[in-house]
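Everything below concerns the one structure shown next.
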Amino acid sequence: MNCFVTGASGFVGANLVHELVARGHRVKALLRAGSDTRGLRGTDFERVEGDLADKEILASAMRGCDWCFHVAASYHLWLRDYAPMFAANVDGTRHVIEAATRAGCSRIVYTSTVGCIGLPREVNGQFTPTDENTPFS
């Protein structure tokens, strides 16, 4: 399969690229200019320079891809201004999904973080697992 991966310079993304290539898939990896690519050493992939804000690069790079893995995220614990984080995590995700849909990707895998949902609740001594309906704590 032809795969497109965002967040390929991160821990999860780099390991995903290695695994996809090891399984015989061709990978295009979206990387920002100046990204630390040490985690990608030793694997054969096509570098696509750009970021989640660039709809044209996303659309162009995903042409011919069967699968899209969206692993990129801004995960700062504290920022003076959260607008860039919102732009990456919300708008960027929208851009990736729209581009993957237009490119005809048959599979879109989105990886998020436990940081966007609430912690488990204790009710009558029992812990209730969190899901997308749990209020953020």
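Which three numbers, in whole Å and largest first, are the semi-axes of the equivalent ellipsoid of the chain derived from its Cα gyration tensor as √(5λ)?
Working: eigenvalues 167, 60, 49 Å².
Equivalent-ellipsoid dimensions as semi-axes: 29, 17, 16 Å.
If you take every DSSP beta bridge whose two residues both sit in the chain, what share of them, in percent to the nearest 5, is antiparallel?
Working: 3 of 20 bridges.
Bridges in the chain are about 15 percent antiparallel.
Hey, what angle do you get for helix 11-22 against the long axis of the chain, alpha-carbon based, 0 to 90 degrees rounded to 10?
So the inclination is approximately 40 degrees.
Among VAL96, LEU79, SER60, whose Cα lies farthest out toward the positive end of the dipole of the chain, if unit charges sit on the beta carbon of Lys, Arg (+1) and Asp, Glu (-1)?
SER60
Name the residue, out of LEU77, LEU52, LEU40, whose mean-square fluctuation peaks in a Gaussian network model built on the chain with Cα pairs under 10 Å.
So, out of LEU77, LEU52, LEU40, the one fluctuating most is LEU77.
Quick check on packing: order 13-19, 98-104 by the mean number of other C-beta atoms within 10 Å, highest mean leading. List each step's numbers first, then the result.
On the way: 13-19: 19.6, 98-104: 16.9.
So the peptides 13-19, 98-104, ranked by packing, come out 13-19, 98-104.
Between ALA53, ALA73, ALA29, where does the largest GNM mean-square fluctuation fall for the chain, given springs only between Cα atoms within less than 10 Å?
ALA53
State the Cα centre-to-centre distance between region 34-69 and region 1-23 in whole Å.
Comparing the Cα centres of region 34-69 and region 1-23, I get a distance of 10 Å.
In a shell of Cβ-Cβ distance under 13 Å around CYS105, excluding CYS105 itself, what net charge do Lys and Arg (+1) and Asp and Glu (-1) give? Don't skip to the end; give the middle numbers.
Details: positive: LYS28, ARG63, ARG102, ARG107; negative: ASP66, GLU98.
Summing Lys and Arg as +1 and Asp and Glu as -1 gives +2.
Mind giving me the FRET efficiency for ARG26 and GLU122? R0 is 41 Å, r the Cβ-Cβ distance, nearest 0.05 is fine. Could you put the intermediate results ahead of the total?
Values: r = 47 Å, r/R0 = 1.15.
Calculated value: 0.30.
Roughly how compact is region 42-111, stated as its Cα Rg over 2.2 N^0.38 Å to two decimals? Let's see the in-between values first.
On the way: Rg = 13.1 Å, N = 70, 2.2 N^0.38 = 11.1 Å.
That ratio works out to 1.18.
Bear in mind that the values in this text are calculations on the coordinates, not laboratory data. Quick caveat: nothing in here was measured; it's all calculated off a predicted structure. For neighbour counting, all protein chains shown are included, and Cβ atoms are generated from backbone atoms with ideal geometry for every residue, glycine included.
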